[in-house]
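Below: the structure, in structure tokens.
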Amino acid sequence: MKKVAILGRPNVGKSSFFNRLARARDAITSDVSGTTRDIKKRVVTISENREFEVIDTGGIDDSSELFNKVAELALRAAQSADVIIYMVDGKMLPDEEDKKLFFRLQKIGVPIALLINKIDNDKEENDRFWEFASFGAENMFAVSVSHNRKFNPLYNWLEKHIPPTEEKPLVLDEEFDPLFDEPMELEVEPQEDKEIKVAIIGRVNTGKSSLLNALLKEERSVVSDVAGTTIDPVDESIIYNDYNITFIDTAGIRRRSKILGIEKFALGRTENMLREANIVLLVIDATVGVTELDERVAGLIEKHHLACLIVLNKWDIKDDISYEQAVENTRYKLKFLHYASLITISAKTGLRVHKILDEIIAIYKRYSMRIPTSKLNEIIKEAINRHHVPSHNGANVKIKFATQFDTKPPRFALVSNFPDFIHFSYIRYLANFLREKFDFEGVPLEIMTRKRGEREEEKQDYLV
């Protein structure tokens, strides 16, 4: 698949253009210079059957160490692209730095276009367009992203460099005649789901972006000592043991009173990403331990009923505390994530980072586990025989049978004559019994009680 990289200096409209191509508000846009810092990628389609991967890069600027790293990632994206679109601000006079960058990108040797943004009308086009002829660009386009103006010439140029997607022909069995033959009933075994979405969350400066880079074995996300470097969620996929694992590095979370400017947008994006995730890597700074804010961040995992691996990062520079003490302190403060797995690592040195991928796959298999109804009822019956369901005001409460009706996370329904009389403490006992009999480490369980014939969604479920 062809790759199209969008480059330019800060605040020229790259992310707005990226969102228009993606037909979604994917990249955060604002008037703040340098809003985009990491690379964002999306597969988009033009002219029905022409697909390509569009890459949004951070603004190229050398005003600070942080933005030097942003520029380095942007230029690296250009080196791997098949087509480059360089954007400039049409409201401003041509800039010498822009020219130098454009000449540098021309030497890469791939098709390149100069996109002059913020040209809102014909008068501005007549007055401004030719001022940019000094760039010596063979392909120049004057557009207005905010007004969706004059994009067709650009799309026509892109079509010359983006080949149509090949459609695979439908091959029919020569012996099968759809007019006369009866269709064969085939037994199809369910395919194992190999797509895993992993969100990396935590408060600011815990090392989330460093962890993503360590997992990918490349510098994919900007790492800086500046707290709040990551604004847009960054996602990248790898294939590991036949699983396609997509990592999402989310913005670091601060106290509400400390949230600055564009970071408020990042918080909303983090919540959206968690709705799509299966597993969360909760990154904790081992040199600090679990703070009150860490507890609040962890509350998002409970809210979305996600599988979880707690990652104690910076283990190489931790204070004088034993592994046992660190685990005990973490478990105590994150009681509601009692089911979560835990690992100590150093994203900086690579200590035990390689084990995270195996943990992710193991947790995902448990998150997707479905227990046969006969086996489930056998275990529930064993649990009831060990400790009977407590009666309620003289009423004899019975659990008639149990069933698992969903996965990711595993969801169970207990059918009872008096479902409202089964106390939460007994449901928690049954959940712990299930955890003893089946390996559900890292996975939350949802258990609801209902009468026979009652819909699952009509009852309140319990996360245990």
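The values are calculated or read from the model by the stated rules, or taken from the named source; none is laboratory data. All of these numbers come straight from a predicted model, not from anything done at the bench. Please note: Cβ atoms are built from the backbone with ideal geometry, for glycine as well, and neighbour counts cover all protein chains shown.
Couple of notes before you dig in:
- Apart from one condition, Ser322 fits all of (1) farther than 21 Å from Glu295 by Cβ; (2) in contact with a strand residue (DSSP E or B) (Cβ under 8 Å, 6 or more places away or on another chain); the exception is (2).
- When restricted to residues that are assigned to a loop (DSSP other than H, G, I, E, B) and either buried (at least 17 other Cβ atoms within 10 Å of the Cβ) or assigned by TED's automatic domain parsing to the domain that holds Leu282 (or both), segment 419-437 contains 1.
- When segment 298-308 is limited to residues that are surrounded by 23 or more Cβ atoms within 10 Å (Cβ to Cβ) and out of contact with any Phe, Trp or Tyr (no Cβ under 8 Å at 6 or more places or on another chain), the one that is farthest from Leu334 (Cα to Cα) turns out to be Leu306.
For every residue, the table says whether it meets (1) modelled with pLDDT under 85; (2) assigned to a helix (DSSP H, G or I); (3) touching a helix residue (DSSP H, G or I) at 6+ places or on another chain (Cβ under 7 Å).
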site: Asn68; (1), (2), (3): yes, yes, no
site: Leu73; (1), (2), (3): yes, yes, no
site: Gln79; (1), (2), (3): no, yes, no
site: Ile108; (1), (2), (3): no, no, yes
site: Ile119; (1), (2), (3): no, no, yes
site: Glu125; (1), (2), (3): no, yes, no
site: Arg128; (1), (2), (3): yes, yes, no
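- Met87 vs. criteria at pLDDT 80 or above and crowded, with 20+ Cβ neighbours inside 10 Å: yes
- Selection within segment 337-380 - free of Cβ contacts under 8 Å to residues at least 40 places away in the same chain and small (Gly, Ala, Ser): Ser346, Ser374
Conditions tested, residue by residue: (1) assigned to a loop (DSSP other than H, G, I, E, B); (2) aliphatic (A, V, I, L, M); (3) loosely packed, with under 11 Cβ neighbours inside 10 Å; (4) modelled with pLDDT under 90.
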site: Phe141; (1), (2), (3), (4): no, no, no, no
site: Tyr155; (1), (2), (3), (4): no, no, no, no
site: Glu159; (1), (2), (3), (4): no, no, no, no
site: Asp173; (1), (2), (3), (4): yes, no, yes, yes
site: Phe176; (1), (2), (3), (4): yes, no, no, yes
site: Asp181; (1), (2), (3), (4): yes, no, yes, yes
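- Taking the numbered list (1) surrounded by 12 or more Cβ atoms within 10 Å (Cβ to Cβ); (2) at pLDDT 95 or above; (3) among the charged types (D, E, K, R) in turn, Asp406 passes all entries but (2).
- Leu101 touching a residue at least 12 places away in the same chain (Cβ under 8 Å) and either of a type in the set (Lys, Arg) or surrounded by 13 or more Cβ atoms within 10 Å (Cβ to Cβ) (or both): yes
- Residue within segment 359-379 that is touching a Leu at 6+ places or on another chain (Cβ under 7 Å), hydrophobic (A, V, I, L, M, F, W, C) and in a loop (DSSP other than H, G, I, E, B) present: no
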